[in-house]
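Engineer: First, the structure itself, so that you have it in front of you.
The values are calculated or read from the model by the stated rules, or taken from the named source; none is laboratory data. None of the values given here were measured: they were computed from a predicted structure. Counting neighbours? That spans all protein chains shown, and the Cβs are built from the backbone with ideal geometry, glycine included.
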Amino acid sequence: MYQHPTMDPQTQERLSTIRHSFSHLLAAAVQQMRPEAKLGIGPAIDDGFYYDFLVDQPFSLADLKEIEKRMRKLAGRKLAFSQSSMGMAEAKALLAGQGEALKVELVEDLASQGETEVSFYQLGDFSDLCKGPHVAGTQELPLKAFKLDRVAGAYWRGDEKRPMLSRIYGLAFLTPEDLAAHIEQREEAERRDHRKLGKEMDLFVISPDVGKGLPMFTDKGTTIRRALERFIVDEELKRGYLHVQTPILGRKHLYEISGHWEHYQDSMYPPINVDGEDYVLRPMTCPHHFMLYAARPRSYRELPVRYAEISPMYRKERSGELTGLIRVMGFHLADAHIFCKPEDVKPVFREVVDLIGFVMETLGLAERCWYRLSLRDDHKEKYIDAPESWARAEKDMREICEELKLDAQVEPGHAAFYGPKLDVQMATVGGREETLFTNQIDIALAQRFHLEYIAEDGSRRMPWVVHRSSIGCLERTIAFLVEHYAGALPLWMMPVQVKVLPITDEQAPYAAQVKAQLEALGLRVELDDRKETLNRKVREAKMQKIPYLCVVGSREALEGTVTATNRDTDRKSTLPLDQFAAAVLKEHAARSRVLAAAGAA
RNA sequence: GCCGGUGUAGCUCAGGGGUAGAGCAGCUGAUUCGUAAUCAGCAGGUCGCGGGUUCGAAUCCCAUCGCCGGCUCCA
């Protein structure tokens, strides 16, 4: 989301105060228009503020104009924000008298946390339970730097079992310029959106007839995927992973053993009954890999066993949750399960962190990602019931983060049902946070599947299992890459790496030769021999973000050269074809993110 | 799934009760061109789908589907 590049903490705090004050102004205006509207909460957020209201009739976009007008009118009266405080019982009685049931609940919560007093802010006729701070009065609000934005439904306290409130979002900044910049940035984000670019670049298609959340990759999109798959499979093989292949269907029984059926059923498709036996589409690969492990006795000597697979999986999602390639129902995860001795879990995990670090670096996403340590929360029913193992695994996970100086954000409530996770997080261009990769210590499944190995002393022991994804879900990773690079992907994953543009028909034979020579090296090349002007061919190729354009005219044909334009620098240089080809091949093979074969900066 | 918004040609959009329009893309022809749109012509839509109101619906109403933003959920 929008962050002012040079904002010091004080200014940031001031802005947050202003935004919060705007939210009160909003609530005041709303209560003028709809006295029956009950108040939820109204905090400052990254780009402004919102306020939640309990109303019979949800607000529509058309209401915003009128509300904003009233806000401006109220602000024009130069109202002061004044604070007062009172005891819990008094506050509760006051709010109850006003019919503010949601606020009463907040007071009760504060009371149960041991608070003895609460604070109210008064703005004109409008009073609200609020700890502040606020600006002194409405004359301090930058009215030209704010704007009501949109409406949305939001469950009270984020709980879908509780009533849905009507939320009004507003944008607010310190200056009109900042507001304009934010709106401009939003438009830029729209242009970078992988859904838009994916269509323009012809990478994937989501057909309602096939099904929402079930993307299909075109040849170009498939080329990107293949580049990523080859990269990760080769890298994993180098690092001791064993690549395997397992089916996407499995007996329901298998998932009853794993606990998925009990803990994860909401995300699974209903069983397919075949001759009296129930099968389910797999939501995860772990049970299959466990059965591979369990198929024969294992010695401590062969541990750690690292089974990897780029595995298709299907998870049921509610329709409103699907987004382009980022949130889908059928996807492909670069998954692996590492079976190790319990005492080896740290080195094994360190090795996993090293791999994902390498992957992020190679993809060029490292500086945009951060770590999240995902632990349990109080909703015990979501997790396997094994408090001691949880405590141990969470402790291990924390220690690993500390040892590796990962600076992970700790977040309760995001753990897998079978163990804590170390996630790699990233933000979409739209500002929404998503998980790119995830790694887990599994405290439960080895036991449920009775996995074991023979230890040095001949005893049978239970291995620990680490689940991890190295390059994540291919669909999602591609979406992030497209957004991060605004479509101008690194050479090695670009569907078309070089485009040959002959100036006239006379150069057709030479252009074909250039293409053939580059292709013989394994590069992906297109020839544009249409009867179009060079200007047009260049324009179209640039819009397609082709890394290198090779213009060949009579001069190049005569000399055996190409005049290549560099996508990233927009510079060009004329050089012998052999030399250009070798340089591009080198960049391709090295998975370089810098284009320097021609027109280097 | 819930709340709000939205759906007109492949794409971007105009039109808002009297049975459809532009630009680009496409096709045909001419142009043989040195780094971001050569010119001309042609073709293209039962206005998401289904009901209803009306003499008449792309336009109003209802329902439904897709898409977008949010909530919930999540790789």
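Engineer: Which of (1) near RNA strand B (Cβ under 9 Å from one of its atoms); (2) at pLDDT 95 or above; (3) within 30 Å of the chain's Cα centre (by Cα); (4) not assigned by TED's automatic domain parsing to the domain that holds A:LEU303 is the odd one out, the single condition A:MET543 does not satisfy?
Structural biologist: For A:MET543, the failing item is (2).
Engineer: Looking at A:GLU556, A:GLU506, can you tell me which residue is near RNA strand B (Cβ under 8 Å from one of its atoms), more than 19 Å from A:LYS196 (Cβ to Cβ), touching a residue at least 24 places away in the same chain (Cβ under 8 Å) and in contact with a strand residue (DSSP E or B) (Cβ under 8 Å, 6 or more places away or on another chain)?
Structural biologist: On the way: A:GLU506 fails: in contact with a strand residue (DSSP E or B) (Cβ under 8 Å, 6 or more places away or on another chain).
Exactly one of A:GLU556, A:GLU506 is near RNA strand B (Cβ under 8 Å from one of its atoms), more than 19 Å from A:LYS196 (Cβ to Cβ), touching a residue at least 24 places away in the same chain (Cβ under 8 Å) and in contact with a strand residue (DSSP E or B) (Cβ under 8 Å, 6 or more places away or on another chain), namely A:GLU556.
Engineer: Can you tell which of A:ASP209, A:ASP202 is more than 23 Å from the chain's Cα centre (by Cα) and not basic (Lys, Arg)? Walk me through how you get there before you give the answer.
Structural biologist: Values: A:ASP202 fails: more than 23 Å from the chain's Cα centre (by Cα).
Criteria check complete, one pass: A:ASP209.
Engineer: Among residues belonging to region A:385-415 that are within 14 Å of RNA strand B (Cβ to nearest atom) and assigned to a loop (DSSP other than H, G, I, E, B), point out the one that is surrounded by the most Cβ atoms within 10 Å (Cβ to Cβ).
Structural biologist: Among them, the one singled out is A:ALA415.
Engineer: Inside region A:500-601, counting only strands (runs of 3 or more DSSP E) that do not spill past its ends, which hold 1 or more residues that are surrounded by fewer than 15 Cβ atoms within 10 Å (Cβ to Cβ) and out of contact with any helix residue (DSSP H, G or I) (no Cβ under 7 Å at 6 or more places or on another chain)?
Structural biologist: Numbers: elements: A:525-527, A:548-552, A:561-566, A:572-576.
Answer list for region A:500-601: A:572-576.
Engineer: Counting only residues that are farther than 30 Å from A:TYR383 by Cα and of a type in the set (Phe, Trp, Tyr), which one in region A:217-275 is modelled with the lowest pLDDT? Walk me through it before giving the result.
Structural biologist: Taking region A:217-275 and keeping what is farther than 30 Å from A:TYR383 by Cα, we get A:217-240, A:274-275.
Among the residues that remain, those that are also of a type in the set (Phe, Trp, Tyr) are: A:217, A:231.
Details: A:PHE217: 94, A:PHE231: 98.
Taking the candidates together, the pick is A:PHE217.
Engineer: Filter region A:162-185 for residues that are within 14 Å of RNA strand B (Cβ to nearest atom), modelled with pLDDT of 90 or more and of a type outside the set (Val, Ile, Thr) and give the result.
Structural biologist: Within region A:162-185, A:ARG162, A:PRO163, A:MET164, A:LEU165, A:SER166, A:ARG167, A:TYR169, A:GLY170, A:LEU171, A:HIS182 meet the criteria.
Engineer: Does region A:481-499 hold any residues that are within 14 Å of A:ALA227 (Cα to Cα) and in a loop (DSSP other than H, G, I, E, B), and which are they?
Structural biologist: The answer is A:LEU489, A:PRO490, A:MET494, A:PRO495, A:VAL496, A:GLN497.
Engineer: Specify the residue that is nearest to A:ILE471 (Cα to Cα); the eligible residues are those in region A:422-436 that are near RNA strand B (Cβ under 7 Å from one of its atoms) and assigned to a strand (DSSP E or B). Quick ask: steps written out before the conclusion?
Structural biologist: Applying the first criterion (near RNA strand B (Cβ under 7 Å from one of its atoms)) to region A:422-436 yields A:423, A:430-436.
If we keep only those that are assigned to a strand (DSSP E or B) as well, we get A:423, A:433-436.
Details: A:ASP423: 12, A:GLU433: 17, A:GLU434: 14, A:THR435: 11, A:LEU436: 8 Å.
Among those that are near RNA strand B (Cβ under 7 Å from one of its atoms) and assigned to a strand (DSSP E or B), it is A:LEU436.
Engineer: Which numbered condition trips up A:ASP335, out of (1) away from RNA strand B (no atom under 12 Å from the Cβ); (2) among the acidic types (Asp, Glu); (3) closer than 30 Å to A:ASP193 by Cα; (4) in contact (Cβ under 8 Å) with a residue 24 or more places away in the chain?
Structural biologist: Result: A:ASP335 passes all but (1).
Engineer: Among the residues of region A:476-494 satisfying the criterion of being surrounded by fewer than 23 Cβ atoms within 10 Å (Cβ to Cβ) and not hydrophobic (A, V, I, L, M, F, W, C), which is nearest to RNA strand B (Cβ to nearest atom)?
Structural biologist: A:GLY487
Residue-by-condition table, conditions (1) in contact with a Phe, Trp or Tyr (Cβ under 8 Å, 6 or more places away or on another chain); (2) buried (at least 19 other Cβ atoms within 10 Å of the Cβ); (3) not charged (D, E, K, R):
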{"residue": "A:VAL345", "(1), (2), (3)": "yes, yes, yes"}
{"residue": "A:ARG350", "(1), (2), (3)": "no, no, no"}
{"residue": "A:ILE356", "(1), (2), (3)": "yes, yes, yes"}
{"residue": "A:GLU361", "(1), (2), (3)": "no, no, no"}
{"residue": "A:ALA366", "(1), (2), (3)": "no, no, yes"}
{"residue": "A:LYS380", "(1), (2), (3)": "no, no, no"}
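Engineer: Collect the residues in region A:436-460 that are at pLDDT below 95 and of a type in the set (Val, Ile, Thr), keeping them in residue-number order.
Structural biologist: A:THR438, A:ILE441, A:ILE443
Engineer: Among (1) assigned by TED's automatic domain parsing to the domain that holds A:GLN139; (2) in contact (Cβ under 8 Å) with a residue 12 or more places away in the chain; (3) surrounded by fewer than 16 Cβ atoms within 10 Å (Cβ to Cβ), there is one condition A:ARG191 misses while meeting the rest; what is its number?
Structural biologist: (1)
Engineer: Looking at (1) surrounded by fewer than 19 Cβ atoms within 10 Å (Cβ to Cβ); (2) more than 11 Å from RNA strand B (Cβ to nearest atom), which is the only condition A:GLN497 fails?
Structural biologist: With respect to (1) surrounded by fewer than 19 Cβ atoms within 10 Å (Cβ to Cβ); (2) more than 11 Å from RNA strand B (Cβ to nearest atom), A:GLN497 is out only on (1).
Engineer: Every residue in region A:263-296 that is aromatic (Phe, Trp, Tyr) and part of a loop (DSSP other than H, G, I, E, B), please.
Structural biologist: Step one: filter region A:263-296 for residues aromatic (Phe, Trp, Tyr), giving A:264, A:269, A:279, A:290, A:293.
If the condition is that a residue be aromatic (Phe, Trp, Tyr) and part of a loop (DSSP other than H, G, I, E, B), then A:TYR264, A:TYR269 are the ones that fit.
Engineer: Same structure again: Output the residue which, of all residues in region A:297-322 that are of a type in the set (Ser, Thr, Tyr) and buried (at least 19 other Cβ atoms within 10 Å of the Cβ), is nearest to A:GLY240 (Cα to Cα).
Structural biologist: Here the answer is A:TYR307.
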